[in-house]
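Each remark here refers to the structure printed beneath this line.
The values are calculated or read from the model by the stated rules, or taken from the named source; none is laboratory data. Just so it is clear, the structure is predicted and the values come from calculations on it, not from any experiment. Cβ placement follows ideal geometry from the backbone for every residue including glycine, while neighbour counts extend to all protein chains displayed.
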Amino acid sequence: MGCRYNKVVGWVVAIIRSLVGCRYSKTRCVSAVTDIIIKLVILQKGWQIISFFLQMSLIWTLTLCFLAAVQGAQVCYDRIGCFADTSPYAGTVQRPITKLPWAPEKINVQFMLYTRSNQNTYQTISAITPSTISSSNFRTSRKTRFVIHGFISSGTNSWVTNMCKKLLATEDVNCIAVDWSGGSRTLYSQASNNVRVVGAEVAYFVKILQSNFAYSPANVHLIGHSLGAHAAGEAGKRQRGIARISGLDPAEPYFQNTPAEVRLDTTDATLVDVIHTDAGPLVPSLGFGMSQVIGHLDFFPNGGVHMPGCPQNIEIPNVNVEDIWNGVVNFITCNHEHAVKYYTDSIGNTSTFVSYPCTNWDTYQAARCKTCPSAGCPKMGHYADTYRGVTSSSQVFYLTTP
């Protein structure tokens with residue numbers, strides 16, 4: 001027994017040394033993986049006192065060390081700055097995959113302008129070529145609303161164009177559809193990193209409006225769905241002073257419970273309002289929207305998990321994000337897309353979607369949250385900015401929709 005004990009101690013010491021070496025070399029990590037797996041198999045067969053959970057703990061520690069060893073790359077671009085794959089963007093429990101965002105030339109973000117003079121046909125404008133802005137129907141006398149799509153979608157998707165048309169029917173604005181389909185139609189893990197470049201491009205556009213056209217960021221409103229919500233947040237981090245960001249069911253995978261610098265946050269604009277419609281957990285309920293409260297005003301219509309008219313999400317005990325988003329596992333986007341529906345429906349309807357402050361959905365359903373505060377009750381959607389009770393802290397509101 002003593003000899004076996006000494007052998008185990010020796011192996012544990014060797015494992016620790018391997019983990020230390022993992023900090024400095026990817027090759028050492030690969031070697032350590034092989035060595036540790038062999039040792040753990042022998043330990044399992046030869047000495048049952050070593051528990052399975054201890055083995056898994058060692059393997060998980062090794063995995064994190066391996067990820068830490070291979071990260072550390074950085075890419076820089078003249079107009080939009082540098083991007084690194086270090087923590088908190090990679091090598092963490094929330095973001096285990098190490099990937100840099102694609103180059104701006106590959107993502108090829110396009111800005112497509114709609115105004116009342118061209119409601120059905122967009123004009124492509126570019127901050128790289130400011131003359132395209134000055135020769136377009138863009139007017140500095142108007143507010144500007146950017147609409148940013150999410151994963152796999154595009155700037156020509158019907159919901160984007162419909163939202164611009166609804167906005168223009170209600171108010172005289174510059175509506176800019178942001179198309180980043182060149183970076184959204186790929187693996188989800190890559191697209192979730194590409195939003196950093198998308199946000200940087202939007203920030204650069206606003207910067208050019210400010211420097212070349214004396215246009216204040218205080219006239220800018222960013223509306224983003226899913227991954228587009230986090231792209232809007234990135235833009236707000238890079239270009240301070242943006243008036244408002246509306247997050248329409250911000251994407252959960254790789255963003256939930258991450259630091260504020262990674263995701264949409266209250267510091268990204270003067271007002272950040274968020275609509276949660278698919279806030280069930282990714283595992284096992286296939287909820288793709290965040291349940292985390294991240295805005296000044298967070299709205300949870302119908303509890304924020306299951307929307308009227310949507311089929312019940314299937315439950316899957318083990319979920320691979322890449323498989324889900326790439327069709328290996330069939331999933332339903334009905335709940336996730338309802339945030340877009342609610343926001344679009346709210347445009348022009350100033351009396352709809354009145355919401356009430358409440359601690360949770362069960363309390364709201366028990367009819368114990370039907371009193372408005374002194375500042376009144378906010379309206380979910382386009383007119384959330386009329387609420388006078390906004391503070392620096394997050395506030396949560398519930399409502400029932402048809």
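A compact table of results
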| read-out | value |
| --- | --- |
| Filter result (more than 29 Å from Thr170 (Cβ to Cβ) and out of contact with any helix residue (DSSP H, G or I) (no Cβ under 6 Å at 6 or more places or on another chain)) within the stretch 345-368 | Thr359, Asn360, Trp361, Asp362, Thr363, Tyr364, Gln365, Ala366, Ala367, Arg368 |
| Test for Ser192: is it outside any loop (DSSP other than H, G, I, E, B) and over 21 Å from Asn219 (Cα atoms) | yes |
| Whichever residue in the stretch 225-261 is assigned to a loop (DSSP other than H, G, I, E, B) and of a type in the set (D, E, K, R) and, among such residues, is nearest to the chain's Cα centre (by Cα) | Glu252 |
| Options Pro259, Pro281: the member that is of a type outside the set (S, T, N, Q), modelled with pLDDT of 95 or more, more than 24 Å from Val109 (Cβ to Cβ) and assigned by TED's automatic domain parsing to the domain that holds Cys164 | Pro259 |
| Qualifying residue in the stretch 244-255 (condition: touching a His at 6+ places or on another chain (Cβ under 8 Å) and modelled with pLDDT under 95) | no |
| Which listed residue, of Leu222, Leu264, is crowded, with 22+ Cβ neighbours inside 10 Å, assigned by TED's automatic domain parsing to the domain that holds Val340 and part of a loop (DSSP other than H, G, I, E, B) | Leu264 |
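Per-residue answers, yes or no, for (1) over 17 Å from the mean Cα position of the chain (by Cα); (2) at pLDDT 95 or above:
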residue	(1), (2)
Ser285	yes, no
Phe299	no, yes
Ile324	no, no
Asn335	no, no
His338	no, yes
